[in-house]
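The structure under discussion appears below in the form of structure tokens.
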Amino acid sequence: MKNFLFVLVLFFSLFSCNQDENNILDNGTYSEVTPVAGRTQINFKSNNSLVIIKSENPDEFNYKINGNSINLSNNSGFTKDFEFVKINENEFKIENLYPSIPESPKTYINFKK
């Protein structure tokens with residue numbers, strides 16, 4: 001009986017541990033597929049950093065994924081949360097990274113590896 005309880009506790013402890021939310025995507029470069037194919041690339045690097053390349057101007061950020069949100073921050077003090085949805089292992093969508101009119105409905109950019 002003791003062995004059964006030990007195995008049961010071990011089983012639940014292994015599966016109840018929080019996994020690092022930031023590891024839900026593989027490192028590498030993801031390219032915008034919609035609404036404007038190829039306009040933007042995001043390169044997820046190790047150590048929770050990424051580079052966003054828009055019009056040949058790369059911006060480096062630290063990121064943290066929490067549920068359906070990704071927080072981007074940099075050394076200049078910028079920090080912002082964007083809605084983020086993983087579609088599959090090689091694809092995700094993120095709330096529009098480009099400036100927009102606040103009254104307009106939310107738009108999303110789809111990325112694929």
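Observations
- Distance in nm between pseudo-label sites at I53 and N66 (7 Å out along the Cβ direction from Cα): 3.1
- Simple label model, 7 Å out from Cα along Cβ direction - K80 to T34, nm: 2.3
Computed from the coordinates by the stated procedures, all read-outs in this text should not be read as laboratory data. Since the model is a prediction, treat every value here as computed from it, not as a measurement. Positions of Cβ are backbone-derived with ideal geometry, glycine not excepted, and every protein chain shown enters the neighbour counts.
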